[in-house]
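Working notes, beginning with the structure itself.
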Amino acid sequence: MPLTTLNEAQHRAATAPSGHNLIIASAGTGKTSTIVGRIVHLLQNGTAPEKILLLTFTNKAAGEMIARLGGFFPKSTLDRIESGTFHAVCYRWLKKIMPTLSLKQPGELKTLFRSTYEKRQFKRLNHDIEPFSATYLYEMYQLYQNASLETFDQWFLAQYPDHEILMDIYLDICEAFEATKAEYGFVSFNDLLLHIKKYLSEHSLAFDEILVDEYQDTNTLQSALIDALRAESLFCVGDYDQSIYAFNGANIQNIATFATRYPGANVFTLSKNYRSVAPILSLANRVIERNERIYPKKLEVGRIGEAYPPKLLVYDELFSQYQSIAGMIKKSHLPNDNIAVIFRNNASADGIEASLRELGLPCKRKGGTSFFEAKEVKFLLDLLSLMSNPKDMMAFIHIFEYGKGLGSALSKELFECLIHFGKGNLGRGLLHPEVFDLPKLNPNKNMQLGLFDDDLEIGSITRFKHMELPETIRAHPILKHPKLGEDGVTFFRHYHQLMQRVQQSIVPKTILSHMISSALYNEIVEILSTQRARLKTGEIDQEKKERAKERILRKAHLLLDLSGHYKELDRFVNAMILGGGELSEGEGVNLLTVHASKGLEFHEVYVVDLMDGRFPNHKLMNRSGGALEEERRLFYVAVTRAKDRLSLSYAKYDRIKKIDFKPSPFLYEAGLLKGEPTYPPEKG
């Protein structure tokens, strides 16, 4: 059984008495084995599988843990264990409570938020404060939901007191945004947890034990949800020194105050590292011990074998650093997949990628723009989402925003019109309208909220008589909309034609094939490839545009390949929304941000651009209100990805930007440079 394979510290933790147990699992110390061992212990001692809840930060992690148990327990037993990410588990629960909910991606909700924001008239206020943009206000609102149990205005004004004069409008925007979501059954990822937390205030979901992986990454909302579940026993596994998601709302105090929040709690420490050789662990210890020691520990070597000391690579110029490292990787005898280049932010990735490609080395990037966040992919998913749920106003807005002269506010109006023409049915309003007059307005409308203006005259369809349009389009009542121009009509025509073509289809791959070959998608490809080929002079680089088109269509066909595994549109759309962020494409050398590298390991690791200002990153520290301690934890995570060989590099000069660099203070702390480090001033 798995318990017999655990070392003494792991076994002690896995077999701890029920109660509040915190396991400090340093990098490479076998936290997964310990969690699996704990589940074995629970099942062997009579805990019913349906009374066990396993919460992780990726569905892949949960799946791997359950798979490890497969050799010892029947599938019928393991299927009864509730497991997955906070969001996936809450989604399953909420679907039973709210069967008609529609889970939306952050980018889509941002579109809806922006369409609400654009109806507000900030200019009418007499003040000198510049209102925050719709995007920034949306991001702050999402962060608030994760990070605070206060009201939004209390939390917001504590950070931006000079915006008090705008707070009523900000609140009105957020309230209208929430009202629209409720009207159409939209929920965000945050809403999954918020709705379940509210449900638990009056109901119970009884679990004997909740196991939480990566506990240091939990935010205030997730911690409150764990408490709301009121389980008899908690088994939380994490590492204070690997808490690196403060910018995303993670609250390091959850793990730091565990013992005080849960009186009588047990704290176990796993310190034997089975991943990295001794010199790498020694370097990691020297750096991280400069942070406050909430839980005293020191990594111990659990591996036996040849140990290579970490290398310091120093370069006179920034790009020569990338070229040199690419050359070293070219000479390596290791498979490309066993090598990783890790950087603090994505600006470093372009030079590395270009240098590797120049040498004919394949590579894959993770930690930048996700495949599922690419505009060309999101557009197709929006089309599919709207077919799956015709009430999805936000998907409609996101689609029609691409039309020239449209935008989010007008797109929302067009959606309302089509619903009106179809007597509540979007498809009927689009293809077979039954009402031919534009919606009437409420004469008592709020000046901030009005969808249409009463004084606008209905546009005459004859103004489009010179356009070559099929009769179905020429006779459509949407053409009466006074704000609709010729470009908008062309875009509508392309959408109408596509929907006519796919209205009887139910197989995702068939539908996607039609979408990718449609005039509508060709228009999107043209827009995006033109944007990506535009030079600083404003001119279009045609060769670059053709390459952009190839990349766009490659992504579209990858999505098409993914759809081949599904026969039902709803299942495919839900899988792409819930699991899209965990899928990746490509093969070769791994190019990773530090955040994307977390939880991974490689035989050979290069940590690049270790210059003061880049790593630690002064700009990101100030923007997120972070601290040097968090940057140091990022460095710790980066270096502990290496199993056998670790190289740390920095450059002295950037000839493009004409900037001189100083070495990162972490190189001094690591003992690779002599002297005392100079630290950046902290925000304060």
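Structure notes:
- Candidate set: segment 78-118, residues that are closer than 28 Å to residue 35 by Cβ and touching a His at 6+ places or on another chain (Cβ under 8 Å); chosen: the one surrounded by the most Cβ atoms within 10 Å (Cβ to Cβ): 90
- Taken over segment 3-26, residues that are open to solvent by 20 Å² or more (accessible area, probe 1.4 Å) and either within 30 Å of the chain's Cα centre (by Cα) or not aliphatic (A, V, I, L, M) (or both) amount to 10.
- All of 29, 34 fail the test of being crowded, with 20+ Cβ neighbours inside 10 Å, touching an Asp or Glu at 6+ places or on another chain (Cβ under 9 Å) and not charged (D, E, K, R), apart from 29.
- Matching entry among 154, 121, 142 (being open to solvent by 20 Å² or more (accessible area, probe 1.4 Å), free of Cβ contacts under 8 Å to residues at least 24 places away in the same chain and not charged (D, E, K, R)): 154
- Of the residues making up segment 303-323, just one is in a helix (DSSP H, G or I), touching a residue at least 60 places away in the same chain (Cβ under 8 Å), open to solvent by 20 Å² or more (accessible area, probe 1.4 Å) and not hydrophobic (A, V, I, L, M, F, W, C), namely 320.
- Being over 17 Å from residue 635 (Cβ atoms), of a type in the set (A, V, I, L, M), crowded, with 21+ Cβ neighbours inside 10 Å and modelled with pLDDT of 85 or more holds for only one residue in 284, 278, 326, and it is 326.
- Some residue of segment 598-616 being in a helix (DSSP H, G or I) and either buried (at least 17 other Cβ atoms within 10 Å of the Cβ) or modelled with pLDDT of 95 or more (or both): no
- Within segment 49-63, tally of residues that are touching a helix residue (DSSP H, G or I) at 6+ places or on another chain (Cβ under 9 Å) and either open to solvent by 10 Å² or more (accessible area, probe 1.4 Å) or assigned to a helix (DSSP H, G or I) (or both): 8
- Of the residues making up segment 66-89, those that are of a type outside the set (Ser, Thr, Tyr), free of Cβ contacts under 8 Å to residues at least 40 places away in the same chain and not in a helix (DSSP H, G or I) are 70, 71, 73, 74, 79, 80, 84.
- Subset of segment 509-523 (residues that are in a helix (DSSP H, G or I) and either of a type in the set (Asp, Glu) or closer than 22 Å to residue 400 by Cβ (or both)): 511, 512, 514, 515, 516, 519, 520, 521, 522, 523
- Yes/no for residue 187 being closer than 28 Å to residue 28 by Cα, in contact (Cβ under 8 Å) with a residue 60 or more places away in the chain and among the aliphatic types (A, V, I, L, M): no
- Counting only helices (runs of 4 or more DSSP H) wholly contained in segment 347-435, the ones carrying 3 or more residues that are open to solvent by 50 Å² or more (accessible area, probe 1.4 Å) occupy 349-358.
- Pairing each residue of segment 243-254 that is open to solvent by 20 Å² or more (accessible area, probe 1.4 Å) with any residue that is at pLDDT 80 or above and among the small types (Gly, Ala, Ser), provided the two are 6+ apart or on different chains, yields C-beta distances under 6 Å for 252/243.
The values are calculated or read from the model by the stated rules, or taken from the named source; none is laboratory data. Computed from a predicted structure; not experimentally measured. Neighbour counts are summed over all protein chains in view; Cβ atoms, including those assigned to glycine, are modelled from backbone coordinates with ideal geometry. Protein only, heavy atoms only, side chains kept; ligands, DNA and RNA dropped before computing areas. Shrake-Rupley method; radii C 1.70, N 1.55, O 1.52, S 1.80 Å.
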